[in-house]
Amino acid sequence: MTNSEVRGDVRPPDVEGDERTTLLAFLRYLREAVVAKTYGAPEEALRRPGVASGTSVLGLLKHLTEVERGWFAWAYAGEDIALAEDDALAPQDTADSLVAAYRAAAAHSDAIVVTCDDLNRPGARSLRETAPPSMRWILVHMIEETARHAGHADILRERIDGAVGR
């Protein structure tokens with residue numbers, strides 16, 4: 001799908017599998033729901049804050065990319081990566097570049113999840129001031145985080161051009 005196309009409504013995944021398979025299926029579904037909000041809208045409209053807090057569709061996408069990197073790569077896997085200090089859009093950020101970065105971060109996150117042999121095992125460190133959480137906690141948290149921001153993106157996109165759907 002390209003940025004000029006519009007995706008119709010897509011239902012949640014119909015998955016029967018073990019816990020990891022089910023959690024990943026729902027996280028992937030939500031990730032694509034967020035990405036879909038970039039399709040078919042003018043770049044400028046996607047960058048423009050749609051609410052008083054300054055939130056934009058592309059800003060949400062950039063934020064979720066850093067959250068993926070933070071929880072899965074930095075915190076769980078203990079990778080020595082630099083995390084962005086803020087999610088402000090840079091002039092060079094485009095819908096296509098941000099979608100590509102998000103998909104790359106998500107693919108890396110998925111690879112970390114797949115290699116985890118015990119969802120109860122805590123990660124290397126935490127982004128919070130607590131003990132490192134388990135992979136299960138991170139997956140559930142990322143479903144919650146991504147779903148919350150998918151809802152924000154739904155509202156922002158509807159304000160741009162009336163487009164609705166998951």
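Quick one: plug the Kirkwood hydrodynamic radius of the chain (C-alpha pairs) into Stokes-Einstein at 37 °C, 0.692 mPa s, and report D in µm²/s. Present the calculation step by step, with values, prior to reporting the outcome.
Details: Rh = 16.4 Å.
Estimated via Stokes-Einstein, D reaches 200 µm²/s.
Treat each spin label as a single point 7 Å out from the Cα along the C-beta direction, and report the D110 to A82 distance in nm.
With each label point 7 Å from Cα toward Cβ, the separation is 2.8 nm.
Can you send over the carbon and sulfur percentage of the accessible area for the chain, probe radius 1.4 Å, protein chains only?
Numbers: 4640 of 8420 Å².
The nonpolar share, carbon plus sulfur, comes to 55 percent.
At most 11 other C-beta atoms within 10 Å and a DSSP loop state: those are the exposed GluC sites (Glu not before Pro) I care about. Give me the longest piece of the chain that has none. Walk me through the numbers before you get to the answer.
Details: sites that count: E5, E16, E85, E129.
By the stated rule (loop sites, at most 11 other Cβ atoms within 10 Å), 17-84.
Just to confirm the filter: which trypsin sites (Lys or Arg not before Pro) across region 61-149 are DSSP coil and have at most 15 other Cβ within 10 angstrom of their Cβ? Mind showing how you got there, number by number?
On the way: sites: K62, R69, R103, R125, R128, R136, R148; in loops: R125, R128.
Passing both the DSSP loop test and the Cβ count: R125, R128.
So, with +1 on the Cβ of K and R and -1 on the Cβ of D and E, and no other charges, what is the size of the charge dipole of the chain about its Cα centre, to the nearest 20 debye?
240 debye
So what is the 222 nm mean residue ellipticity for the chain from helices alone, if each DSSP H run of at least 4 adds -39500 (n - 2.57) and you divide by all residues, rounding to the nearest 500 deg cm²/dmol?
It lands at -16500 deg cm²/dmol.
Leaving out ligands and nucleic acids, and using a 1.4 Å probe, what accessible area per residue does the chain come to in Å²?
That works out to 51 Å² for each residue.
Using only the Cα atoms of region 72-166, what semi-axes does the equivalent ellipsoid have when each is the square root of 5 times a gyration tensor eigenvalue? Give whole Å, largest first.
Working: eigenvalues 157, 56, 33 Å².
Ellipsoid half-lengths, sorted descending, are 28, 17, 13 Å.
The values are calculated or read from the model by the stated rules, or taken from the named source; none is laboratory data. Keep in mind that this is a model prediction, so the values were computed, not measured. Because the Cβ atoms are built from the backbone with ideal geometry, glycine has one as well, and the counts that use them run over all protein chains shown. Surface accessibility is based on the protein's heavy atoms, side chains included, excluding ligands, DNA and RNA. Shrake-Rupley method; radii C 1.70, N 1.55, O 1.52, S 1.80 Å.
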